[in-house]
Every structure is written in structure tokens, then in C-alpha cells.
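Each remark here refers to the structure printed beneath this line.
The values are calculated or read from the model by the stated rules, or taken from the named source; none is laboratory data. Keep in mind the model is a prediction, meaning the values are calculated, not measured. Every residue, glycine as well, gets a Cβ built from its backbone with ideal geometry; the counts of neighbours run over all protein chains shown.
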Amino acid sequence: MFPMVTGFMNYGEQTIRATRYIGQGFMITLSHANRFPVTIQYPYDKLITSERFRGRIHFEFDKCIACEVCVRVCPIDLPVVDWKLETGIRKKRLFNYSIDFGICIFCGNCVEYCPTNCLSMTEEYELATYDRHELNYNQISLGRLPIPIIEDYTIRPILNFTQIKNR
Ligand code: SF4
Ligand code: SF4
């Protein structure tokens, strides 16, 4: 008798749990039905990236002291810092600096730990090329600042859902 009662109780509990999960899923679907805009007509429309978006890295050559902290904190030792010690002035002279965005995971560690703040993350995410070697950016490519989406008159900037909600 008791095993049958326990079996019924378990079945009842499982039914209630399943109904609750279905209800939760349904509520999420309903909350999405209220969102706007649903389709971004890229590349004519572009989403305004969030404030802490981690896009392509910007580098300021004149600020770099060739300390190589960015290399040590990078999980894949990616930045290439080419320098030579100038014995006369007892300082490092930086010749080249490069980051390969074909390998970079955009974790932001190098930006976080750079002691002179010469690295920063931009909102640029359109890095597609036909040849992945072109993604190896030298100091000249890294020094270019992207046009902010809101200043690009050729496209229509779109706020994302969180930005609309916080307005
Ligand atoms: S951590 Fe900053 S200052 Fe040091 S080598 Fe890297 S980019 Fe240059
Ligand atoms: S963003 Fe991360 S992976 Fe890319 S260079 Fe910096 S530390 Fe390395």
C-alpha cells in the first residue's frame, strides 16, 4: 500500500515541477514577444555597442614603455613587443608592436594591466577578411581609431534592448 502512495506522491511532485518549468519557458517566450527592434538590417543598421564592449584593441605607440606586461598577462602570450635597450640613455626603445586578432580572444587582460594605459578596447567588431594573416595588426593599424557608430552618417544606429530599457 505504502509504495503505491509514495509513487503517486512522486508522480504528483514531478507533474507540478514540469508544469512550473513549462510556465517559466512560456513567460520567457512572452517577454521576447514584447521586444523591439527584432531585426537589424545590417549593414544599413548597426547596434550601438554596450559601454564595456571588448572590440578591436587600440594602441598608442608613444605611451608604450616596452615593459611587456601585456605579454605576460596574455593567456596566449600574444602581443609582440620588438624593442632594443639603448645603453646610452639606459632605456628601451620600441621598434614594433603587433597583435594578431586571428588568435586574440579579446579577454582584455592586456588592456587591464598595461601600466601606461596605452592599450584600450574599441567598439570595432568588423574584422572579417579573406586572409587571416591580414588580422595581424602592427602599431599603425592598432593606432587607428574606428569611427563611432553614432557618428557614421552612412548607417542607422540602433540601441540594444538594455539601452532602450535604461532610457
Ligand atoms: S603593457 Fe603597455 S606599456 Fe607595457 S609593453 Fe605592453 S603596451 Fe607597452
Ligand atoms: S585581449 Fe587577451 S588574448 Fe588578446 S592580446 Fe590582450 S590579453 Fe591577449
Inset, instruction - Give the residue that is farthest from the chain's Cα centre (by Cα), with candidates limited to residues of the stretch 94-125 that are within 12 Å of ligand 1 (Cβ to nearest atom) and either β-branched (Val, Ile, Thr) or not assigned by TED's automatic domain parsing to the domain that holds Glu51 (or both). - result: Thr116
Inset, instruction - Looking only at the stretch 55-66, count how many residues are assigned to a loop (DSSP other than H, G, I, E, B) and either within 16 Å of ligand 1 (Cβ to nearest atom) or more than 11 Å from Met121 (Cβ to Cβ) (or both). - result: 5
Legend entry - Residue check for Ile65: surrounded by 11 or more Cβ atoms within 10 Å (Cβ to Cβ), among the aliphatic types (A, V, I, L, M) and within 14 Å of ligand 2 (Cβ to nearest atom): no
Inset, instruction - Exactly one condition in (1) surrounded by 10 or more Cβ atoms within 10 Å (Cβ to Cβ); (2) in a loop (DSSP other than H, G, I, E, B) is not met by Arg72; state its number. - result: (2)
Inset, instruction - Please tell me if Arg56 is within 20 Å of Gly108 (Cβ to Cβ), exposed (fewer than 10 other Cβ atoms within 10 Å of the Cβ) and either of a type in the set (D, E, K, R) or not assigned by TED's automatic domain parsing to the domain that holds Ile140 (or both). - result: no
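This table checks each residue for (1) part of a loop (DSSP other than H, G, I, E, B); (2) crowded, with 16+ Cβ neighbours inside 10 Å.
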| residue | (1), (2) |
| --- | --- |
| Cys104 | yes, yes |
| Val111 | no, yes |
| Ser120 | no, no |
| Tyr130 | yes, no |
| Pro157 | no, no |
Legend entry - Index of the failed condition, Arg90 passing every other in (1) more than 15 Å from ligand 1 (Cβ to nearest atom); (2) at pLDDT 95 or above: (2)
Inset, instruction - Give the residue that is nearest to Val111 (Cα to Cα), with candidates limited to residues of the stretch 14-48 that are surrounded by 11 or more Cβ atoms within 10 Å (Cβ to Cβ) and touching a helix residue (DSSP H, G or I) at 6+ places or on another chain (Cβ under 7 Å). - result: Ile48
Inset, instruction - Could you run through the stretch 75-89 and say how many residues are out of contact with any Phe, Trp or Tyr (no Cβ under 9 Å at 6 or more places or on another chain) and either part of a loop (DSSP other than H, G, I, E, B) or among the hydroxyl-bearing types (Ser, Thr, Tyr) (or both)? - result: 7
Inset, instruction - May I ask you to say which residue of Asp131, Asp77, Asp100 is more than 15 Å from ligand 2 (Cβ to nearest atom) and of a type in the set (D, E, K, R)? - result: Asp131
Inset, instruction - Determine, yes or no, whether Ile22 is outside the structural domain of Arg132 (by TED's automatic domain parsing), in contact (Cβ under 8 Å) with a residue 40 or more places away in the chain and not basic (Lys, Arg). - result: no
Legend entry - For Trp83: the one exception among (1) away from ligand 2 (no atom under 16 Å from the Cβ); (2) exposed (fewer than 12 other Cβ atoms within 10 Å of the Cβ); (3) more than 22 Å from Pro148 (Cα to Cα): (2)
Legend entry - Leu142, sole failed condition from (1) within 14 Å of ligand 2 (Cβ to nearest atom); (2) touching a Cys at 6+ places or on another chain (Cβ under 8 Å): (2)
